[in-house]
Each structure stands twice: as C-alpha cells, then as structure tokens.
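*Asks:* Here it is, the structure, as structure tokens.
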Amino acid sequence: MSPSTIETIVSSIAPSATHTSSGQIPALFSLTGKTIAITGAGRGLGITLTSAVLEAGGHVACLDILPEPSTAEWQSLAKLSGQSGTTASYWKCDVTSEADVTRVLEEIAQAGEERSAPLNGIIACAGIQQKVLALEYEASDFERILRVNVVGAFISVKRAAKILKDKGAGGSIVLVASMSGQIANRGLTCTAYNASKAAVHQMCRSLAQEWGQYGIRVNTLSPGYIRTAMTDDLLAAEPGLEKAWMNGALLGRLGVPDDFKAPATFLLAEGSRFMTGADLRVDGGHCASA
Ligand SMILES: NC(=O)c1ccc[n+]([C@@H]2O[C@H](COP(=O)([O-])OP(=O)(O)OC[C@H]3O[C@@H](n4cnc5c(N)ncnc54)[C@H](O)[C@@H]3O)[C@@H](O)[C@H]2O)c1
C-alpha cells in the first residue's frame, strides 16, 4: 500500500536525525528526528494535532477512513512541512482492520527509517460518537462505537508498540480519550461513547503497566467539549445543548482543536519522559465544578 498522491515531501532543511534531551525547554518539546503516526487525522482534532507535530519538528503520517483529508487544512499542512523540512503523508485506513493498520504502520516505519526519523509514537485519535437514549440503544450500534473507539484504538497502538519494541528505542503513545470517560455529560445521552472512553482510560493504565519495560510510555489525553464536525452534529440535532455545555465552561468558552496542540506535543516529547499510565485532562475546567 502506498500513501496517497497528496503526500508532501520536502527536505530542504533536513531535521537532525539525532534526538538529544538537553533538559532545555525547546528540546523537551521537540519532535525533531521523529516520525509520529496519528489516526483520525483526516479532519477535526486529529488534523490539528498533525500541525502540532510538524511545528515541533517531527514528521507525521495521518491515517483516516476518509478518502482524503480536509482540503484547506491539508494545504496549510503542506505549506508548513515545506517550511520546516519535514514530511506529512496521508493514508486511507480503517483502524478496525488490523491487517490494514499493520501494513500501513510498517510502511510508515520503513519510510521513517529511510529518512533517519524513526517512528517514535502514535496518537490514537480516530473516534465516533452517537447520541441515543440508553433505553433505545441498539446493541449493534453500541458494538459499532466500541469497535472503533476501543478496539480500533487498541489495534493502532498495539501495532505501533510492536514496531517500537522491535526497534528497542522506546516511544510515546497517546490515546485520545475524553472527559466523558470520567463523567456523564448532562443532556448528552451517549452511553456507548462514554463507556468507550472509560475503557480507553483503563486500557491506557493496562498498556502502561505492560510496556514500560520497553521504554514505551502510554498516556491518555482527555478533552472537554471541542467545536469539531463531531460536536457540530450533536449541536445541530439539539440547539439547547450549547447552553448546557457553557454552564460548565469555567473559562467562558468551549474548546477549539488548537487548545490541544501543546498538551499532545508534551505527551509525545521528552518533556513528559517520566509520565506513563496517566490522564491529561484539558477541559476548560468543566470537570472541576458540579
Ligand atoms: N469534539 C469533542 O468535543 C471531543 C471531546 C472529547 C474527545 N474527543 C475525541 O477526539 C477525537 C477526535 O474527535 P473530533 O471531534 O476531531 O471528531 P471528528 O469526527 O471531526 O474526527 C474523527 C476522525 O476519526 C475518523 N474515523 C472515524 N472512524 C474511523 C475508522 N474506523 N478508521 C479511521 N478513522 C476513523 C473520522 O473519519 C474523522 O476524521 C475522538 O476520539 C473523539 O472521541 C472529541
């Protein structure tokens, strides 16, 4: 399988292949010399985190079930990678297919080795949402949510971890969970989604416990409400919802994807080197008050 034709490769300013952790803040947040895979990076939060990786000096490979990424955002990513001498590639891939994820990640890792920027981490960001009353929730729908949000995330990080373990250099895995893994959102009848995100939190702790010995760190990033296509659909279906969400917004606004660039970069980079099995909740204070 090869990346789509929209792959962007510019190497005028080659990034250093050697990663050093001098302890200085820029180095602690740097992804120079690393390749990071991001699932669900065709749009929304995932494609914004792609720009974070590029801005931190890393190469990035985006996996998504969509045939193509959002055009405007991809164009600015191409420009960004051109300016920083890094690469961004896009791979159409369903995270629930272990065969596809395995093949794509192996090709991404191989390309990383060839450009002296080995695969060093993954952000499992692909996810789906569905608002249905629990009394009417079809088991097949419940299973579909779990299949993508839990099993798909597991397949992605498992296949990445196999590559990182075989390489022996460790790495960082970030599972995008949600504050909904810890609280039930008022007015949002999403039992399957909330259960799936709680499962992601526990998966993180279990994987951290198994993979720490290989130098592979595993953490969750738990956003609060973010304005993306996912929440636009929910808000369109129920306009009163935004008011309910704003009641818990201690900073007076909902989140935007850019709010997660620094937290995700921190979790990927050396700065979080003593952090594993943890959750980084970034929710504008939503969970802090009842
Ligand atoms: N938007 C929010 O308020 C919010 C809050 C907390 C957590 N999250 C989480 O953040 C992540 C991104 O959400 P978003 O708001 O950007 O949503 P989004 O719908 O804009 O993006 C999700 C992406 O995942 C992709 N995807 C879905 N199924 C897939 C599959 N089987 N294989 C590969 N890709 C698949 C979609 O095509 C899409 O590009 C999700 O895990 C979501 O649960 C979002």
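The values are calculated or read from the model by the stated rules, or taken from the named source; none is laboratory data. This is a predicted model, so every value here is computed, not measured. A quick note on method: Cβ atoms are made from the backbone with ideal geometry, for glycine too, and the neighbour counts reach across all protein chains shown. Ligands, DNA and RNA are excluded from the accessible area calculation, which covers all protein heavy atoms including side chains. Shrake-Rupley method; radii C 1.70, N 1.55, O 1.52, S 1.80 Å.
*Asks:* Angle, helix 153-167 long axis vs. longest principal axis of the chain, Cα atoms, 0 to 90°, nearest 10?
*Replies:* 20 degrees
*Asks:* Mind checking which aspartates and glutamates have their C-alpha under 16 Å from residue 162, skipping anything on the same chain fewer than 8 residues away?
*Replies:* Correct list for residue 162: 98, 100, 106, 107, 113, 210.
*Asks:* R0 = 25 Å: FRET efficiency of residue 132 with residue 98, Cβ-based, nearest 0.05?
*Replies:* 0.35
*Asks:* Could you please tell me the mean projected area of the C-alpha convex hull for the stretch 156-246, averaged over all directions and given in square nanometres to one decimal?
*Replies:* 6.5 nm²
*Asks:* Holding the Cα-Cα limit at 22 Å, pick out from 131/197; 92/167; 158/197; 34/165 the pairs that are longer than that.
*Replies:* Those over the limit are 92/167.
*Asks:* Next question, about the same structure. Given H placed on each backbone N at 1.01 Å, which residues far from residue 282 in sequence or on other chains put an amide H within less than 5 Å of it?
*Replies:* Amide H neighbours of residue 282, under 5 Å, 5+ apart: 222, 224.
*Asks:* Can you pull the percent of the stretch 90-242's accessible area that's carbon plus sulfur, 1.4 Å probe, other chains left in place?
*Replies:* 51 percent
*Asks:* Hey, another quick one. Taking the Cβ of residue 84 as the centre, find all other residues whose Cβ is under 14 Å away and add up their charges (Lys, Arg: +1; Asp, Glu: -1).
*Replies:* Once all neighbours under 14 Å are counted, the net charge is +2.
*Asks:* Pulled fully out, how much extra length does the chain show between residue 158 and residue 213, if you take 0.36 nm times their separation in residues and subtract their Cα-Cα distance?
*Replies:* 18.3 nm
*Asks:* Can you say what percent of the DSSP beta bridges in the chain, counting only those with both residues inside, are antiparallel? Round to 5.
*Replies:* Here the antiparallel bridges make up roughly 5 percent for the chain.
*Asks:* Please build a GNM for the chain, connecting alpha carbons under 10 Å apart, and tell me which residue among 107, 138, 68 fluctuates the most.
*Replies:* So, out of 107, 138, 68, the one fluctuating most is 138.
*Asks:* Within the stretch 25-67, which residues have the backbone N less than 19 Å from the label spot 7 Å out from residue 229 along Cα→beta-carbon, could you tell me?
*Replies:* 38-52, 61-67
*Asks:* Under a plain spin-label model, where a point goes 7 Å from the Cα along Cα-to-Cβ, how far apart in nm are residue 55 and residue 256?
*Replies:* The two pseudo-label positions are separated by 1.1 nm.
*Asks:* Rounded to whole Hz and in sequence order, give me ³J(HN,Hα) for the stretch 190-198 from the Karplus expression 6.51 cos²θ - 1.76 cosθ + 1.60, θ = phi - 60°, writing x for Gly and Pro.
*Replies:* 10, 4, 5, 4, 4, 5, 5, 6, 5
*Asks:* So for the stretch 25-284, averaging the separation of alpha carbon pairs under 8 Å that are six or more residues apart and normalising by length, what relative contact order in percent results?
*Replies:* 21 percent
*Asks:* If you don't mind, another one. For the chain, just list the percent of Cα-Cα distances falling in each 5 Å bin from zero outward, please.
*Replies:* Using 5 Å bins, I get a P(r) of 1, 6, 13, 17, 20, 17, 13, 8, 4, 2, 0, 0 for the chain.
*Asks:* Full extension from residue 184 to residue 75: what is 0.36 nm times the residue separation minus their Cα-Cα distance, to one decimal in nm?
*Replies:* 35.5 nm
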